[in-house]
Amino acid sequence: MALKLPIYMDHNATTPVDPRVLEVMLPYFTEKFGNSASRNHEFGWEAEDGVKLARRQVGELIGADPKEIIWTSGSTESNNLAIKGVADMYKDKGRHIITAIHEHKATLDPCKRLAKMGYDITWLEPGADGIVTAAQVAEAIREDTILVTIMWANNELGTINELPQIGKVCKEKGVLLHTDATQAVGKIPVDVNAAGVDLLSGSAHKIYGPKGAGFLYVRRRKPRVRLTPIIDGGGHERGMRSGTLNVTGIVGLGKACELCRLEMVEETARLLKLRDKLDHGVLSQLEHAVINGKADQRLPGTTNISFPYVEGESMMMAIKDIAVSSGSACTSASLEPSYVLKALGLGDEIAHSSIRFGLGRFTTEEEVDFTIDKVVTAVKKLLELSPLYEMVLEGIDINAIEWGAH
Amino acid sequence: MSLYAEVGEEPQPRNDWALRIRAHENKPNTGVRIMAYSEKVLSHYETPRNVGSLDKNAKNVGTGIVGAPECGDVMKLQIQVDDSGKIVDAKFKTFGCGSAIASSSLATEWIKGRTLDEAMAIKNTEIVQELSLPPVKIHCSVLAEDAIKSAIHDYQEKNGLDHGDHDHN
């Protein structure tokens, strides 16, 4: 049975559009092309109906009222709007924001910009298991804290932070909580009320919807969250995000959310089985391989594994039939190891030889079997070639060696 | 339903957009474009020559270990030298990218059968040329040259021979 190569194992980066999602999107390109803000004709109403349905579909997936959904271009924009919008709106109340060092760049960079503008940012450090705890957040909250922004699930590790507990802490202290739930929405149960979340970012293309569509959940009651918009204009989206709506993308995002909600239980069980098979298949055959992040507190389809004594780029070369992400940008001239893995205390060389496997809706068991086989064969071959592994077998501590500078 | 239909399976389009998706799938696999390796690098990477180890304690064996794990490259190159000063065997092990593996594999091929002086004269630029290494991979060839020199020095030191006035990059 021949497999179609290369195999896509990078569903945390993006996903293909589900054909059922595409099907509902298509009419909105040609027939129902109206501007949803056109109030006085059929074309506009039709588009508005599509957007309304999508609002409900997104709301149902995350336990929110449809009115609380603000459409954006994706999670990067949602994070920017939430963080910068809250920072500006509540600046008279305080200028302290809490986040973590292994957040996505779309959270880190807005926070860094705010720091330059005079805001005080507390950067929490996760434990070696990659988790940010509610206790850490509670300890960091001060009188002048206006926002806590902690992602629901980490994009590189798949680890799930203590979300309902962090929400509880923030509620008790009266601090707004934003969560970048890009990786969590549609994959694990997400309920904004149960989790005490005030703002939540999500993206369509991570859940088999189109690229360029996303949303920000903004709580309307208890408390009513207000934001200073980043984009001014026609006053769309309750004035928080102006600009003609990306109706096709929004309709697709809505459908994608609906599918995730209806199929989550089955899909989670299926993915967990495949992911655990991958983990077990690799770890049982490769003595030194280790899972990064808390193994039993991760998204169902994601695993991040380190392969010590094997160099990252040669590893990627050996498994080029499998599309994965590595712990470094080794294809470019700069060899910058992943800051997420470094946040867990991993050394540069281990970070470089770490691989994130992202299984998804269309991943088959045959593909997982093929991946296990390829990875194990590649690592065994490269271990044969590795002078570091040879030293380890001889009982030499490679960390104690004084390596020359090169 | 898998979007990635098995090869040879006749597509069963539900309607014409599905057909378009499937038609795209049937394009030939163009491989990984992000890493452009030369044929020769790929050949050495796929089937590296002279992988292994010689007895590092033997008097007629010289061992060179260069690079550092945190820099992403460590090369170990060993030579076995006969009484006439000729390299009769060479082995390597490399922790590094495909180009680093290829550079050290090529180095062992080249030095086998050469005298120590001849091996000492090998320049990294020759390796760059032979393997068509891009600028970002030149350090791999430098490391291979250093590994040769380091192995020769080790042999000379062990045997009380003069290092000579060789240039050491």
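Might you check whether a residue that is within 14 Å of chain B (Cβ to nearest Cβ) and open to solvent by 60 Å² or more (accessible area, probe 1.4 Å) occurs anywhere in the range A:7-21? Looking for residues that are within 14 Å of chain B (Cβ to nearest Cβ) and open to solvent by 60 Å² or more (accessible area, probe 1.4 Å), one finds at least one in the range A:7-21, hence yes.
Only one of A:Leu253, A:Leu259, A:Leu216 is part of a strand (DSSP E or B), more than 30 Å from A:Lys380 (Cα to Cα) and among the aliphatic types (A, V, I, L, M). Can you tell me which?
Values: A:Leu253 fails: part of a strand (DSSP E or B); A:Leu259 fails: part of a strand (DSSP E or B).
Just one listed residue meets the conditions, A:Leu216.
With the structure loaded, tell me whether A:Glu311 is surrounded by fewer than 20 Cβ atoms within 10 Å (Cβ to Cβ), closer than 24 Å to B:Arg49 by Cβ and within 12 Å of another protein chain (Cβ to nearest Cβ) or whether it fails that test. Answer is no for this residue. With (1) more than 16 Å from B:Leu42 (Cβ to Cβ); (2) modelled with pLDDT of 95 or more; (3) open to solvent by 20 Å² or more (accessible area, probe 1.4 Å) as the list, and B:Pro135 as the residue in question, which single condition is left unmet? Result: B:Pro135 fails condition (2) only. Take the conditions (1) aliphatic (A, V, I, L, M); (2) in contact with a Ser or Thr (Cβ under 9 Å, 6 or more places away or on another chain); (3) open to solvent by 10 Å² or more (accessible area, probe 1.4 Å); A:Ile305 misses just one of them, which is (3).
Yes/no per residue for (1) more than 17 Å from B:Ile101 (Cβ to Cβ); (2) within 12 Å of chain B (Cβ to nearest Cβ); (3) without any contact (Cβ under 8 Å) to a residue 12 or more places away in the chain:
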position	(1), (2), (3)
A:Pro300	yes, no, no
A:Asn304	yes, no, no
A:Glu336	yes, yes, yes
A:Leu344	yes, no, no
A:Arg356	yes, no, no
A:Val392	yes, yes, no
A:Gly395	yes, no, yes
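For A:Val265, the criteria (1) under 23 Å from the mean Cα position of the chain (by Cα); (2) part of a helix (DSSP H, G or I); (3) within 30 Å of A:Asn35 (Cβ to Cβ) hold in every case but one, which is (3). Answer yes or no as to whether B:Thr108 is assigned to a helix (DSSP H, G or I) and within 24 Å of A:Val379 (Cα to Cα). Yes, satisfied. If I ask for residues that are open to solvent by less than 30 Å² (accessible area, probe 1.4 Å) and at pLDDT 80 or above, which ones from the range A:327-339 would you list? Result: A:Pro337, A:Ser338.
Is one or more of the residues making up the range A:345-368 farther than 20 Å from A:Asp321 by Cβ, assigned to a loop (DSSP other than H, G, I, E, B) and open to solvent by less than 10 Å² (accessible area, probe 1.4 Å)? Spell out how you get there, then give the answer.
Initial filter on the range A:345-368 (farther than 20 Å from A:Asp321 by Cβ): A:345-352, A:361.
Then drop every residue that is not assigned to a loop (DSSP other than H, G, I, E, B), which leaves A:345-347, A:361.
Those still in the list that are open to solvent by less than 10 Å² (accessible area, probe 1.4 Å) too: none.
No: the range A:345-368 contains no residue that is farther than 20 Å from A:Asp321 by Cβ, assigned to a loop (DSSP other than H, G, I, E, B) and open to solvent by less than 10 Å² (accessible area, probe 1.4 Å).
Listed here are the residues, each with its yes/no results for (1) part of a helix (DSSP H, G or I); (2) under 15 Å from A:Gly74 (Cα atoms).
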site: A:Tyr208; (1), (2): no, yes
site: A:Gly212; (1), (2): no, yes
site: A:Ile231; (1), (2): no, yes
site: A:Thr248; (1), (2): yes, yes
site: A:His288; (1), (2): no, no
site: A:Asn304; (1), (2): no, no
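State yes or no: is A:Gly404 without any contact (Cβ under 8 Å) to a residue 40 or more places away in the chain and either in contact with a Leu (Cβ under 8 Å, 6 or more places away or on another chain) or more than 9 Å from chain B (Cβ to nearest Cβ) (or both)? When the stated conditions are applied, A:Gly404 does not pass them. Residues that are part of a helix (DSSP H, G or I) and without any contact (Cβ under 8 Å) to a residue 12 or more places away in the chain were ranked within the range A:69-125; the one that is surrounded by the fewest Cβ atoms within 10 Å (Cβ to Cβ) is A:Lys116.
Taking the criterion of being more than 26 Å from A:Glu23 (Cα to Cα) and part of a strand (DSSP E or B), the residues of the range A:173-206 that qualify are A:Leu176, A:Leu177, A:His178, A:Thr179, A:Asp180, A:Leu199, A:Leu200. Taken over the range A:214-229, the residue count meeting the criterion of being open to solvent by 10 Å² or more (accessible area, probe 1.4 Å) and more than 13 Å from A:Thr72 (Cβ to Cβ) is 8.
For A:Glu60, indicate whether it is away from chain B (no Cβ under 14 Å) and surrounded by fewer than 18 Cβ atoms within 10 Å (Cβ to Cβ).
Working: away from chain B (no Cβ under 14 Å): yes; surrounded by fewer than 18 Cβ atoms within 10 Å (Cβ to Cβ): yes.
So A:Glu60 fits the description; yes.
Residues of the range B:130-158 that are more than 14 Å from the chain's Cα centre (by Cα) and more than 12 Å from chain A (Cβ to nearest Cβ): B:Lys149, B:Ala151, B:Ile152, B:His153, B:Asp154, B:Tyr155, B:Gln156, B:Glu157, B:Lys158.
Open to solvent by 60 Å² or more (accessible area, probe 1.4 Å) and at pLDDT 95 or above: does that describe A:Lys381?
Details: open to solvent by 60 Å² or more (accessible area, probe 1.4 Å): yes; at pLDDT 95 or above: yes.
When the stated conditions are applied, A:Lys381 passes them.
Residue-by-condition table, conditions (1) more than 9 Å from chain A (Cβ to nearest Cβ); (2) open to solvent by 10 Å² or more (accessible area, probe 1.4 Å); (3) in a loop (DSSP other than H, G, I, E, B):
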{"site": "B:Arg49", "(1), (2), (3)": "yes, yes, yes"}
{"site": "B:Lys56", "(1), (2), (3)": "yes, yes, yes"}
{"site": "B:Lys59", "(1), (2), (3)": "yes, yes, yes"}
{"site": "B:Thr63", "(1), (2), (3)": "yes, yes, no"}
{"site": "B:Glu70", "(1), (2), (3)": "no, yes, no"}
{"site": "B:Ile79", "(1), (2), (3)": "yes, no, no"}
{"site": "B:Asp83", "(1), (2), (3)": "yes, yes, yes"}
{"site": "B:Lys91", "(1), (2), (3)": "yes, yes, no"}
{"site": "B:Ser103", "(1), (2), (3)": "yes, no, no"}
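Please tell me if A:Gln165 is modelled with pLDDT of 95 or more, in contact with a strand residue (DSSP E or B) (Cβ under 7 Å, 6 or more places away or on another chain), open to solvent by 10 Å² or more (accessible area, probe 1.4 Å) and not hydrophobic (A, V, I, L, M, F, W, C). No, not satisfied. Of the numbered criteria (1) open to solvent by 10 Å² or more (accessible area, probe 1.4 Å); (2) in contact (Cβ under 8 Å) with a residue 24 or more places away in the chain, the one B:Trp110 fails is (2).
The values are calculated or read from the model by the stated rules, or taken from the named source; none is laboratory data. Fair warning: this is a prediction, and the values are worked out from it, not measured in the lab. Methodologically, a virtual Cβ is constructed for each residue, glycine included, from the backbone with ideal geometry; neighbour enumeration extends over all protein chains shown. Areas reflect the complete protein model, heavy atoms only, side chains present, ligands, DNA and RNA absent. Shrake-Rupley method; radii C 1.70, N 1.55, O 1.52, S 1.80 Å.
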